[in-house]
Amino acid sequence: MKSNFKYLVMGLFAVVLISCSKDDDSPEPINEEEVITTMTVVLNPGNITLQSQDLDGDGPNAPSVTVSGNLSANTTYSGSITFLNELESPAENITEEVEEEDDEHQVIFVSSGVSLSVSGLNTDGDGFPLGTEFSLSTVDAGSGTLRIVLRHEPTKPNDGTLTGAGGSTDIDVSFNLTVE
């Protein structure tokens, strides 16, 4: 009986050792959303700059939103967007990270009250829209807003709308525009 008990204890010990073996499954790294304090959009011709700057990040102060000039009717502009984290010193260029992780980002453009369209967006590695570079075409004179939203982990492909893209928002800014 003692011999059987000894084998039973050794068998249980072996089962415990095997069940406690180290798993090689590493957890997925957490890819946190970017801290973006500044969005700068440059439109050419004319070097028109749209900028939102929020130097206190999530602090109590509202961002400073500026537009350096008016757009011309019936004109196509080439546009580029730069995202910065100016809470770092020197400022961190988040655009580089957005473009490196292009499958996890998309810029969405929403116009309201102004006749313009956005097209020709640069794409991610799978050929889906990214939007850090684009074309903006105006039609008639008027005024309204251009809302620019950087989505993190959007559904791709999507219909180019905020609802269709899903994901979470890294930065969302509305610029007041005048087309002359």
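The values are calculated or read from the model by the stated rules, or taken from the named source; none is laboratory data. Keep in mind that what you see is a predicted model, and the values were worked out from it rather than measured. Positions of Cβ are generated from backbone atoms using ideal geometry, with glycine treated the same way; all protein chains shown enter the neighbour counts. In case anyone asks, the SASA skips ligands and DNA or RNA and just uses the protein heavy atoms, side chains included. Shrake-Rupley method; radii C 1.70, N 1.55, O 1.52, S 1.80 Å.
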Within region 160-174, count every residue that is touching a His at 6+ places or on another chain (Cβ under 8 Å) and within 15 Å of ARG147 (Cα to Cα).
2
Single condition SER52 does not satisfy, out of (1) of a type in the set (Gly, Ala, Ser); (2) more than 26 Å from GLY164 (Cα to Cα); (3) open to solvent by less than 30 Å² (accessible area, probe 1.4 Å); (4) out of contact with any Leu (no Cβ under 8 Å at 6 or more places or on another chain)
(2)
Filtered residues of region 103-120 (kept if part of a loop (DSSP other than H, G, I, E, B) and β-branched (Val, Ile, Thr))
VAL114
Only one of VAL67, VAL118 is in contact with a Phe, Trp or Tyr (Cβ under 6 Å, 6 or more places away or on another chain), without any contact (Cβ under 8 Å) to a residue 40 or more places away in the chain and either surrounded by 14 or more Cβ atoms within 10 Å (Cβ to Cβ) or more than 21 Å from LEU162 (Cα to Cα) (or both); which?
VAL118
Can you spot a residue in region 95-102 that is assigned to a strand (DSSP E or B) and not basic (Lys, Arg)?
no
Can you list the strands (runs of 3 or more DSSP E) lying wholly within region 38-84 that have 2 or more residues being touching a helix residue (DSSP H, G or I) at 6+ places or on another chain (Cβ under 9 Å) and closer than 24 Å to HIS152 by Cα?
none
Which residue pairs have Cβ atoms under 6 Å apart, sit 6 or more places apart or on different chains, and have a first residue in region 135-163 that is in contact (Cβ under 8 Å) with a residue 12 or more places away in the chain and a second that is open to solvent by 40 Å² or more (accessible area, probe 1.4 Å) and among the charged types (D, E, K, R)?
ALA141/GLU180; VAL149/ASP172; HIS152/GLU33; GLU153/GLU104
For region 120-134, give me each residue that is small (Gly, Ala, Ser) and touching a Leu at 6+ places or on another chain (Cβ under 8 Å).
GLY131
On the basis of being part of a strand (DSSP E or B) and modelled with pLDDT of 80 or more, does SER89 make the cut?
no
So which residues in region 85-110 are buried (at least 19 other Cβ atoms within 10 Å of the Cβ) and touching a helix residue (DSSP H, G or I) at 6+ places or on another chain (Cβ under 9 Å)?
VAL98, HIS105, GLN106, VAL107, ILE108
If we ask which residues in region 136-175 are among the acidic types (Asp, Glu) and farther than 29 Å from LEU71 by Cα, their number turns out to be 1
Would you mind stating whether ASN61 is modelled with pLDDT under 95 and either open to solvent by 60 Å² or more (accessible area, probe 1.4 Å) or within 17 Å of the chain's Cα centre (by Cα) (or both)?
yes
